[in-house]
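First the structure, then my questions, so here it is.
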Amino acid sequence: MTHKRIAIFGSTGSIGTQALDVIAANPDLFSASILTAQSNDELLIKQALQFKPLVVVIGDEKKYQGVKDALAATNTKVLAGEKALEEAAAMDDYDMMLAAIVGYAGLKPTMQAVQKGKAIGLANKETLVVAGDIVMETALKNKVPVIPVDSEHSAIFQCLVGEGRNKIEKVILTASGGPFLGKKPNFLVNVKRDHALQHPNWSMGAKITIDSATLMNKGLEMIEAKWLFNLEPEQIQVMIHPQSIIHSMVQFEDGSIKAQMGLPDMKLPIQYAMAFPQRIANNFPRYDFKKPNTLTFEEPDIKTFRNLALAMDALNRGGNMPCVLNAANEIAVYAFLRNRIGFLDMTEVVEQTMQKIPFIQKPTLEEYFDSDGEARSFAASLIHM
Ligand code: NAD
Ligand code: MG
């Protein structure tokens, strides 16, 4: 494998820091050429001193001078602000973007990288939820590989290696069910942020952890799967699998099912995306079939976890609805994290926003941006009431 220069957009997050662990463990294979962070200047500086990237971007412009001073003795160029993310994404100095920014903010830099013909390791699922048709069309046109990092999609991707044109009957996305599996609305109504932030199997950023507790994450992943693997909504099934050992499955048209398994550890899909098509040796803990551990499966309770039903509705309706769902959900999740609204209110905000924002069948990129903005203001107005 030739050496790859990786641009980590969102290097201070859960995915970003684990990607840097993979780079540190494989210095012959990878280097970090661009690192970006929104506000954690201290960690960004520490990462820059260790990995010596060509460029760092700090989102919060108030922190620009501090980062610049701290890196004054190095060759790292420091940029700041939202526009600088796109500027960095348009640079020549990297081979693959690891898209690890959380939320809608990841869309524009990722789109820029796709337009530049850069390979994408995609953790930022919201990019495909918001504008999957345009992102994937542009990737196809520019022959850009979009390699999933999300564990379920990495599993499906791995199951498809070597299958050529063999038809997929359906994919089965597994979900842990989150910390409130089996709970009912009378319990969920009282759930507070700190409880919802405790995921049983995965340690992740705050937003995706809340999305996992509400099952919105699985809904976003259904939409992500549609665009990554060119599927119809009815080909995407969700099954609750609380042990998180099977990361997802593909059923082919002969009925054969392939699954990808392993302990829940995001470093595995991260390094797979970075090294694809090669696998690289590591010393991560292995799943042991000799230990007593029953793998179980059940259907998701979409009457209780209505966010998943709303995401399925957005998936079926298509157009700008997934974009609207995502925008309202981002507003709702951050309001919940600030203790402004309750756990079940998040669903209300998303549902009412989806009812309010006009449907557009085939939006342009500008129309996606507008739908996002309108959905955010409306969702925010519900919360301030
Ligand atoms: P995180 O909150 O831990 O990190 C987010 C990163 O994005 C940080 O580096 C932060 O500085 C940056 N960021 C945040 N807001 C920004 C903005 N407005 N502009 C620019 N940069 C910004 O998040 P995470 O858990 O690492 O998740 C990142 C993405 O990966 C999400 O889309 C998530 O759904 C996806 N993902 C994460 C995991 C996981 O295990 N953490 C698993 C699968 C998919
Ligand atoms: Mg996932």
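The values are calculated or read from the model by the stated rules, or taken from the named source; none is laboratory data. The structure displayed is predicted, hence computed values, not measured ones. Glycine also receives a Cβ, built like all others from the backbone with ideal geometry; neighbour counts cover every protein chain displayed. Side chains included, ligands, DNA and RNA excluded: accessible areas come from the protein's heavy atoms. Shrake-Rupley method; radii C 1.70, N 1.55, O 1.52, S 1.80 Å.
Using only Cα atoms, what Kirkwood radius does the chain have, in angstroms?
Details: mean 1/r = 0.0470 Å⁻¹.
Evaluated over the chain, this radius sits at 21.3 Å.
Could you do me a favour and compute the accessible area per residue for region 176-254, 1.4 Å probe, result in Å²? All intermediate terms of the calculation are to be shown ahead of the outcome.
Working: 3110 Å² over 79 residues.
In whole numbers, region 176-254 has 39 Å² accessible per residue.
DSSP beta bridges in the chain, what fraction antiparallel, as a percent rounded to 5?
Percent antiparallel among DSSP bridges in the chain is about 25.
At most 15 other Cβ atoms within 10 Å and a DSSP loop assignment: could you name the trypsin sites (Lys or Arg not before Pro) in region 316-350 that fit?
For trypsin sites (Lys or Arg not before Pro) across region 316-350 that sit outside H, G, I, E and B with at most 15 neighbouring Cβ atoms in 10 Å, the list reads Arg338, Arg340.
List the lysines whose Cα sits under 26 Å from the Cα of Lys290, skipping any in the same chain fewer than 8 residues away.
Candidates past the 8-residue exclusion: Lys258, Lys267.
With +1 assigned to the C-beta of every Lys and Arg and -1 to the C-beta of every Asp and Glu, and no other charges, what is the dipole magnitude of region 1-131 about the Cα centre in debye, to the nearest 20?
100 debye
Which three numbers, in whole Å and largest first, are the semi-axes of the equivalent ellipsoid of region 4-148 derived from its Cα gyration tensor as √(5λ)?
Working: eigenvalues 113, 53, 34 Å².
Values for region 4-148, descending: 24, 16, 13 Å.
Within the chain, which is the longest segment containing none of the GluC sites (Glu not before Pro) that sit in a DSSP loop and have at most 13 other Cβ atoms within 10 Å?
With GluC sites (Glu not before Pro) excluded where exposed in loops, the chain gives 1-162 as its longest stretch.
In whole Hz, what ³J(HN,Hα) sequence does region 226-240 give by Karplus (6.51, -1.76, 1.60; θ = phi - 60°), x for Gly and Pro?
Coupling constants for region 226-240: 3, 7, 5, 10, 6, 10, 8, x, 6, 8, 10, 10, 10, 10, 6 Hz.
For region 323-385, what % of the accessible area comes from carbon and sulfur atoms, probe 1.4 Å?
54 percent
Placing +1 at every Lys and Arg Cβ and -1 at every Asp and Glu Cβ, with all other atoms neutral, what dipole size does the chain have around its Cα centre, in debye to the nearest 20? Display every interim value, and only then the final one.
Numbers: 39 positive and 43 negative charges, 135 e Å.
Roughly 640 debye for the chain.
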